[in-house]
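Colleague: Handing you a structure now.
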Amino acid sequence: MTYLSSNQLKQYRDEGFVSPINIFSKEKAKEIRNEIELIEKEMPEELEKSGRYNAHLISPLLDEVTHNTKILDAVESLIGKDILVCGTTLFIKNPNEKGFVSYHQDAKYIGLEPHNWVTAWVAITDSNEHNGCMRMWSGSHKNNLKEHDQKFNEENLLTRGQTVKNVPTDETTPLILTAGQMSLHHPTIVHGSDLNQSDDRRIGFVIQSYIGTNVKQVIGKNSVQLARGKDNYNFHEKIKRTKSLMNKENIKLKKQENDYLQEIFYKGSLKKGTY
Ligand SMILES: O=C(O)CCC(=O)C(=O)O
């Protein structure tokens with residue numbers, strides 16, 4: 001079954017991304033933002049730095065997004081009908097902070113092989129050039145993995161500050177989304193994002209990533225949830241979906257999963273960043 005149109009499939013093949021895709025209403029996005037902000041208020045450190053990963057394990061509304069049928073339909077068109085979720089990340093840029101994302105390829109340090117996987121970036125707030133939306137180096141996914149410098153800059157929202165050299169930033173495409181829309185991007189596309197210059201937060205909830213059941217974790221360990229279809233390979237441990245907000249057991253599970261992730265992201269690195 002192909003849910004994306006032939007133009008969208010062509011865009012993904014030629015450019016390495018598809019955007020924008022409507023998923024839910026602005027009102028729903030606001031409800032999700034409120035849940036994120038409630039967690040931040042009740043547990044001030046829970047979503048900070050390396051805690052920003054796997055918030056879907058403690059937030060029923062983020063769990064609902066992760067398993068959203070429209071998102072999964074689009075993902076199925078790209079990686080097939082047997083789909084696992086192997087993690088999520090909140091990319092939040094607050095106003096007056098200097099957070100940015102250097103140009104990088106997701107596949108570089110994530111250990112997911114083969115590249116039968118895709119990342120969904122879901123806009124919880126509007127995301128545009130003024131507040132630092134993602135920018136894509138169109139077509140760069142065709143050239144395999146590139147060398148990355150490791151800059152470990154505190155303001156860089158990536159773990160190692162990993163940076164691809166000589167990116168033609170003036171030619172990159174901004175992915176402009178309104179709250180409730182998403183983009184999908186390829187594991188090897190070079191992308192990044194600039195500062196938030198607005199006076200509101202920019203919040204992206206990123207399912208990083210949806211993987212085919214044939215994809216292995218070759219660096220460390222990732223637990224997964226079955227999102228659609230059947231897992232005939234069973235390469236990964238399965239974890240349950242959450243039913244309640246900030247449940248103690250799920251907070252523990254999130255911490256455990258995030259510890260595994262840290263091992264993956266910093267494997268072989270002489271230094272550790274804060275994310
Ligand atoms: O949210 C951002 O600005 C960057 C996110 C990103 O790099 C990703 O989703 O792979």
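Colleague: Select from region 181-194 the residues that are surrounded by fewer than 21 Cβ atoms within 10 Å (Cβ to Cβ) and either within 18 Å of ILE71 (Cβ to Cβ) or within 10 Å of the ligand (Cβ to nearest atom) (or both) and list them in ascending order.
Modeller: Pass one, region 181-194, residues surrounded by fewer than 21 Cβ atoms within 10 Å (Cβ to Cβ): 188, 194.
Matches in region 181-194: ASP194 only.
Colleague: Within region 163-172, is even one residue assigned to a loop (DSSP other than H, G, I, E, B), within 13 Å of PHE17 (Cβ to Cβ) and within 11 Å of the ligand (Cβ to nearest atom)?
Modeller: The answer is no; no qualifying residue exists.
Colleague: Return the total of residues in region 135-148 being more than 16 Å from the ligand (Cβ to nearest atom) and either open to solvent by 50 Å² or more (accessible area, probe 1.4 Å) or more than 12 Å from VAL190 (Cβ to Cβ) (or both).
Modeller: 4
Colleague: Please indicate, with yes or no, whether at least one residue in region 116-138 is among the aromatic types (Phe, Trp, Tyr), part of a strand (DSSP E or B) and in contact with a Phe, Trp or Tyr (Cβ under 9 Å, 6 or more places away or on another chain).
Modeller: Yes, region 116-138 contains at least one residue that is among the aromatic types (Phe, Trp, Tyr), part of a strand (DSSP E or B) and in contact with a Phe, Trp or Tyr (Cβ under 9 Å, 6 or more places away or on another chain).
Colleague: Quick one: which residue in ASN234, ASN258 is on the phi > 0 side of the Ramachandran plot, of a type in the set (S, T, N, Q) and out of contact with any Leu (no Cβ under 9 Å at 6 or more places or on another chain)?
Modeller: After applying the criteria, what remains is ASN234.
Colleague: Turning to a different aspect of this structure: Which condition number in (1) surrounded by 21 or more Cβ atoms within 10 Å (Cβ to Cβ); (2) more than 10 Å from the ligand (Cβ to nearest atom); (3) of a type in the set (Val, Ile, Thr) is the one that THR119 fails?
Modeller: (2)
Colleague: Another one. Taking the residues in region 1-22 that are more than 13 Å from ILE189 (Cα to Cα) and in a helix (DSSP H, G or I) as candidates, determine which candidate is most open to solvent (accessible area, probe 1.4 Å).
Modeller: By that ranking, first place goes to ASN7.
Colleague: Same structure again: Taking the options ILE211, ILE219, name whichever one is open to solvent by less than 30 Å² (accessible area, probe 1.4 Å), under 23 Å from LEU253 (Cβ atoms) and either within 11 Å of the ligand (Cβ to nearest atom) or in contact (Cβ under 8 Å) with a residue 60 or more places away in the chain (or both).
Modeller: ILE211
Colleague: Looking at this structure, is SER127 within 15 Å of the ligand (Cβ to nearest atom), at pLDDT 95 or above, more than 17 Å from the chain's Cα centre (by Cα) and open to solvent by less than 20 Å² (accessible area, probe 1.4 Å)? Break it down into steps so the answer makes sense when it comes.
Modeller: Working: within 15 Å of the ligand (Cβ to nearest atom): yes; at pLDDT 95 or above: yes; more than 17 Å from the chain's Cα centre (by Cα): no; open to solvent by less than 20 Å² (accessible area, probe 1.4 Å): yes.
In short, no.
Colleague: Taking region 27-60 as the region of interest, how many residues are over 11 Å from LEU245 (Cβ atoms) and either of a type in the set (Lys, Arg) or assigned to a loop (DSSP other than H, G, I, E, B) (or both)?
Modeller: Count: 12.
Colleague: Could I ask something else about it? Name the residue that is most open to solvent (accessible area, probe 1.4 Å), counting only residues in region 61-107 that are within 14 Å of the ligand (Cβ to nearest atom) and part of a loop (DSSP other than H, G, I, E, B).
Modeller: LYS98
Colleague: If you don't mind, there's one more thing I want to ask. Can you pull out every residue in region 23-34 that is open to solvent by less than 70 Å² (accessible area, probe 1.4 Å) and among the polar types (S, T, N, Q)?
Modeller: Listed by number, the list holds a single entry, SER25.
Colleague: Now a separate question. Hey, LYS272 hits all of (1) in contact with an Asp or Glu (Cβ under 6 Å, 6 or more places away or on another chain); (2) over 21 Å from GLU113 (Cβ atoms) but one; which does it fall short on?
Modeller: (1)
Colleague: Further question: For MET246, which of the numbered conditions (1) open to solvent by 50 Å² or more (accessible area, probe 1.4 Å); (2) on the phi > 0 side of the Ramachandran plot fails to hold?
Modeller: (1)
Colleague: Moving on to the next point. Of all residues in region 152-171, count the ones that are on the phi > 0 side of the Ramachandran plot and without any contact (Cβ under 8 Å) to a residue 12 or more places away in the chain. First the steps, then the outcome.
Modeller: Of region 152-171, the ones on the phi > 0 side of the Ramachandran plot are 152, 161, 166.
If we keep only those that are without any contact (Cβ under 8 Å) to a residue 12 or more places away in the chain too, we end up with 166.
Selection size over region 152-171: 1.
The values are calculated or read from the model by the stated rules, or taken from the named source; none is laboratory data. Everything quoted here is computed from the prediction, not taken from an experiment. Positions of Cβ are backbone-derived with ideal geometry, glycine not excepted, and every protein chain shown enters the neighbour counts. Side chains are part of the model used for accessible areas, which takes the heavy atoms of the whole protein and leaves out ligands, DNA and RNA. Shrake-Rupley method; radii C 1.70, N 1.55, O 1.52, S 1.80 Å.
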